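Q: Handing you a structure now.
Values quoted throughout were computed directly from the atomic coordinates according to the rules given, and no laboratory measurement underlies them. Being a predicted model, the structure only gives us computed values, none of them experimental. Note that each Cβ is placed from the backbone with ideal geometry, even for glycine, and that neighbours are counted across all protein chains shown.
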Amino acid sequence: MNLPAINRFGLLAVLIPSLGLAQEPLVPVSSLSPQAALELAQASLASCRSSGYQVAVAVVDRMGVIQVMLRDRYAGPHTPDTAERKAWTAVSFREDTLTLSRNTQPGSEQSGARMIANALMIGGGVPIEAAGALVGGVGISGAPSGSEDDRCARAGIKTMVEKLELGS
């Protein structure tokens, strides 16, 4: 019997219907509105300012694309890029970057994650969930430590909990 060549995607396409899984052709997705993303960034910036920190705040959508970038007057020139990478990492890994910084130490099973382009395993990136779904991420850079960046990010998210009915 002569079977046509099937690449790995063709084989997958053949197997999925045979599994009996009914799937809708479109998937509904939730995302932060520009206004909500801006409010979250402003609240995070205010939290850092109240501690005397000049920082950059990045808010990304669920795909890691930047929605808002705020840089305080005296935040270092590296902070916007660092904040964006932290937010991207939190969304991509669906985990805060403070935890990732501990779990990806050299010698650990997950240490290879540090080699992924754009990933930054330094505290300050936090995923944002609403109604159990990932809707974005916030990244902070410029406080004296990743723990302080993380605290500012969580303070910003906390101000939005009621408005977004956040899952965490």
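Q: For the range 83-97, give me the residue count where each residue is more than 13 Å from V60 (Cα to Cα) and hydroxyl-bearing (S, T, Y).
A: 1
Q: Of S101, S108, S31, which residue is in contact (Cβ under 8 Å) with a residue 24 or more places away in the chain and in a loop (DSSP other than H, G, I, E, B)?
A: S31
Q: One residue is enough: does the range 124-132 have a residue meeting the conditions part of a loop (DSSP other than H, G, I, E, B), among the charged types (D, E, K, R) and touching a strand residue (DSSP E or B) at 6+ places or on another chain (Cβ under 7 Å)?
A: So far as the range 124-132 goes, no, none of its residues is part of a loop (DSSP other than H, G, I, E, B), among the charged types (D, E, K, R) and touching a strand residue (DSSP E or B) at 6+ places or on another chain (Cβ under 7 Å).
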